[in-house]
Amino acid sequence: MKKNILARMHNDGIIHGLTSLQEIPSPRDIPSAVESLVREFSEKYEVPFESLNLPEFPENINDLNLDEWVDQTSFSNDFKNLAKATLDVLERELSIVESFQEFDRLLSQAESTLNETEFYVFDDHIYVAKRSMEFWKAEVDGTKIWELHASFLEGRSTRGPINWWKVFGCDCVGGFFGGPGGYIGASLISVIMQY
């Protein structure tokens, strides 16, 4: 099965966005600023870009109900149930190894229940969930690797503890709305809005 190139470039797209952003836009401008960065990244690597058509983010990430995002899609109930099961895994905040085992179980279930088109999207969804966890959780000697690419955050504190499971959830569900760039865009928006 042909793999979605932009979803497979997920971490590079996140790094591009973090590196290119010079300052935090006003809350209402964050989505358009991020969309511009995702478009720029897509053009640089000559991959198709669709305008992000993400649902509205609440002011506080903790108020975001990702199950409602999934319910807004036109996918089958089987697909929606599997996507919500992915979110359940993320919310439980298991180790990366345990999460990956659960994701592989869901992918196996999807392969036997979804049609080819939906399985293709679900495969990207799981792939992005894995890459998201690896990227955002990566630390070496106490350094958060992702922050090395985000100089615009120097000296800024978060509004509270970062809600990482919502970042991972936005990341792996964002593509349902904004095509492959939606994965990158939703992830960046969900982190930036917490500063």
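With 0.36 nm allotted per residue and the present C-alpha distance subtracted, the E59-D12 stretch has 14.2 nm of extension available. The Kirkwood hydrodynamic radius of the stretch 53-93, based on inverse pair distances between different Cα atoms, is 11.1 Å.
For the stretch 9-148, the solvent-accessible area of protein heavy atoms averages 55 Å² per residue (probe radius 1.4 Å; ligands and nucleic acids excluded).
Taking the Cα centre of the stretch 1-125 as origin, work out the dipole magnitude from +1 charges on Lys and Arg Cβ and -1 charges on Asp and Glu Cβ, in debye rounded to 20.
Using Cβ point charges on Lys, Arg, Asp and Glu, the stretch 1-125 gives about 320 debye.
Taking 22 Å as R0, compute the FRET efficiency from the Cβ-Cβ separation of Y195 and E93 and round it to 0.05. After rounding to 0.05, the efficiency reads 0.55. In 5 Å bins starting at zero, report the fraction of Cα pairs in the stretch 136-182 per bin as a rounded %. Going from the shortest bin to the longest, the percentages are 5, 16, 18, 25, 19, 13, 3, 0.
Taking a sphere under 12 Å around the Cβ of A138 and counting the other residues whose Cβ falls inside, with K and R at +1 and D and E at -1, yields a net charge of -1. In this structure, the residue pairs whose Cα-Cα separation is over 23 Å, taken from K84/K137; K80/K144; K144/K166, are K80/K144. Model label points for R156 and T143, set 7 angstrom from Cα along the Cα-to-Cβ axis, are 2.1 nm apart. With the convex hull drawn over the C-alpha atoms of the stretch 35-147, the volume per residue is 149 Å³.
Distance between the C-alpha centres of the stretch 53-125 and the stretch 9-52: 23 Å, rounded to the whole angstrom. Each peptide in 33-41, 145-153 receives the mean, over its residues, of other Cβ atoms within 10 Å, and ordering these scores from highest gives 33-41, 145-153.
Taking the empirical scaling 2.2 N^0.38 Å for compact globular proteins as reference, the chain has a Cα radius of gyration ratio of 0.97.
The values are calculated or read from the model by the stated rules, or taken from the named source; none is laboratory data. Here the structure is a predicted model, which is why all the values come from computation and not from measurement. With ideal geometry, Cβ positions are generated from the backbone for all residues, glycine too; neighbour counts draw on all protein chains shown. All accessible areas refer to the heavy atoms of the entire protein, side chains included, with ligands and DNA or RNA removed. Shrake-Rupley method; radii C 1.70, N 1.55, O 1.52, S 1.80 Å.
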